[in-house]
Amino acid sequence: MSTVHVLASPSRYVQGKDALATLGPRLAELGAAPLLVADDVVWSIVGPAVSTSLAGVGTSVVREPFGTYATVAAVDSLVENIRAGGHDVVVGIGGGSTIDAVKAAGHLAQIRWVSIPTAASSDAPTSALSVIYTDDGAFLEYRFFPKNPDLVLIDTQVVANAPVAFLVGGIGDALATWVEARAVARGTGTTMAGGRPTHTGTALARLCWDLLWENSLQALDAVRAKTVTPALEAVVEANTLLSGLGFESGGLAAAHAIHNGLTSAPQTHGLTHGQKVNIGTLTQLVLEGAPAQEVEDFVVFTTKVGLPNTLTEIGLSTDSPELAAVAAAATVEGETIHAMPFPVTPDMLVDALRTIEGLSRRVRAAHGLPEPVLYVHA
Ligand SMILES: [Zn+2]
């Protein structure tokens, strides 16, 4: 049991409408020869603004495309490109996978790294760790680094222009932060930052939760209108900065372990990280015997946000044989579920997963909310 308390954070966090216009000078402070990593779709959206900003300080634009997942091969290939091009800072532009691959590559190549998320869809950008996947998109491993990104920059107009589903996913990821951090604070487990949580880390997780409950529905309205409002700014900060600091330094528990377990079920492929995490959060609330009102409020709120809270909505059912494999994967040694303040067995987890189906259907019906629709992976 560790009695050391640790907080980790990126060196600089920059958020706002048209923040990309400030990238050139910020990047010039970190290196002279950046390698920008972005897939073709992302580059078609932000490439012009990034290029203009870099040109303004005389920095040349070298862009490397990216595939779908942060795999071992994708990371190694980036390292080769960094060395071949003599780059001194690598910049991940796009979603969580691009950013995770860039962090891992920057660490291996021993240069600085920068995260530029183009949606507020996950809490990956600020942390000092990457999630590595198999070629098929199943969870493979966490990789930990001795430092966080040198810069995280998020342009809220880019977030407002992105599909609303990205923000929905980010809210799902961020809602887990407080539920997991308070479980870790109650127990004796350690966080991804490498110690017991600080009061600061736990408090940031709580602030993340409060901002989401107050602002999420209006932030979704803003993204549907492609506008930047104070509600959107609050949710972007919650999803990106507070969820990032909150998970890394407040701690992960059952919800993310259940997410990782769910990636082993092929039916769930194609769903976003945050959608699967939301199933994990509700399952954790059941597992820990959270107050009935809190569970009910969570089902109502996440249904209104548009997040799944039934097995049906992630392509599974209470009879799915995959539930046993999900529970086994979520409870392997080293998984964050063991930071819960009580021991969790695979049997307990299968029971909790099977419970959420009827629970959410009952609460949704009682509140006049729509019935779940079966998710079918294309
Ligand atoms: Zn997450």
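Nothing in this text is a laboratory measurement; each read-out follows from the coordinates by a stated rule. Since the structure is predicted, the reported quantities are computational estimates derived from the model, not experimental observations. As a convention, Cβ positions derive from the backbone with ideal geometry for all residues, glycine included, and neighbour counts pool all protein chains shown.
Could I have the simple spin-label model distance between THR200 and MET348, label points 7 Å from Cα toward Cβ, reported in nm to one decimal?
Once both label points are built, they end up 3.2 nm from each other.
Return VAL75, VAL332 ranked ascending by Cβ neighbour count within 10 Å, so the fewest neighbours appear first.
Ranked by crowding around the Cβ, least crowded first: VAL332, VAL75.
On full extension of the chain, what length is gained from ALA365 through ASN161, given 0.36 nm per residue of separation minus the C-alpha to C-alpha distance? Walk me through the numbers before you get to the answer.
On the way: separation 204, 0.36 × 204 = 73.44 nm, distance 3.32 nm.
Going from the current span to full extension adds 70.1 nm.
Only Cα pairs under 8 Å and at least 6 apart count here; give the relative contact order of the chain as a rounded whole percent.
16 percent
Under a cut-off of 22 Å between alpha-carbon atoms, report the lysines in cross-link reach of LYS304, not counting same-chain residues fewer than 8 places apart.
Within the straight-line cut-off, LYS304 pairs with LYS226, LYS276.
Would you mind classifying the chain by shape? Square roots of the alpha carbon gyration tensor eigenvalues, ordered a ≥ b ≥ c; an a/c under 1.5 is rounded, otherwise it is prolate if a/b is larger than b/c and oblate if not.
Here the chain falls in the prolate category.
By DSSP, what percent of the beta bridges with both residues in the stretch 5-160 are antiparallel, rounded to the nearest 5?
20 percent
Among the trypsin sites (Lys or Arg not before Pro) within the stretch 152-239, which fall in a DSSP loop and have no more than 15 other Cβ atoms within 10 Å of their own Cβ?
For trypsin sites (Lys or Arg not before Pro) across the stretch 152-239 that sit outside H, G, I, E and B with at most 15 neighbouring Cβ atoms in 10 Å, the list reads LYS226.
Need one word for the stretch 163-366: rounded, prolate or oblate. Basis is the Cα gyration tensor (sqrt eigenvalues a ≥ b ≥ c); a/c below 1.5 gives rounded, then a/b vs b/c decides.
Values: a/c = 1.68, a/b = 1.14, b/c = 1.47.
Taking the square roots of the gyration eigenvalues as a ≥ b ≥ c, the stretch 163-366 is oblate.
Within the stretch 84-165, which trypsin sites (Lys or Arg not before Pro) sit in a loop by DSSP and count at most 12 neighbouring Cβ atoms inside 10 Å? List each step's numbers first, then the result.
Working: sites: LYS103, ARG112, ARG143, LYS147; in loops: LYS147.
Sites meeting the loop and neighbour criteria: none at all.
Of all beta bridges DSSP finds with both residues in the chain, what is the antiparallel percent, to the nearest 5?
Antiparallel: roughly 20 percent of the beta bridges in the chain.
Quick check: from the Cα gyration tensor, does the stretch 5-160 come out rounded (a/c under 1.5), prolate or oblate? Please report the intermediate quantities before stating the final value.
Details: a/c = 1.36, a/b = 1.28, b/c = 1.06.
It comes out rounded by the Cα gyration axes.
Compute the length gained on full extension between GLU29 and GLN293: take 0.36 nm times their separation in residues and subtract their Cα-Cα distance, giving the result in nm to one decimal.
Values: separation 264, 0.36 × 264 = 95.04 nm, distance 5.00 nm.
Answer, rounded to one decimal: 90.0 nm.
May I ask you to derive the relative contact order of the stretch 163-366, considering only C-alpha pairs under 8 Å and at least 6 residues apart, and to give it as an integer percent?
About 27 percent, as a whole number.
Give the separation of the Cα centroids, the stretch 23-44 to the stretch 296-338, in Å.
37 Å
Sequence gap at least 6, Cα distance under 8 Å: using those rules, report the relative contact order of the stretch 258-378 to the nearest whole percent.
Reported as a whole number, the value is 37 percent.
Enumerate the aspartates and glutamates that LYS17 could reach by cross-link, defined here as Cα to Cα under 19 Å, with residues fewer than 8 away along the same chain left out.
Here the aspartates and glutamates satisfying the reach criterion relative to LYS17 are ASP155, ASP221, GLU233, GLU237.
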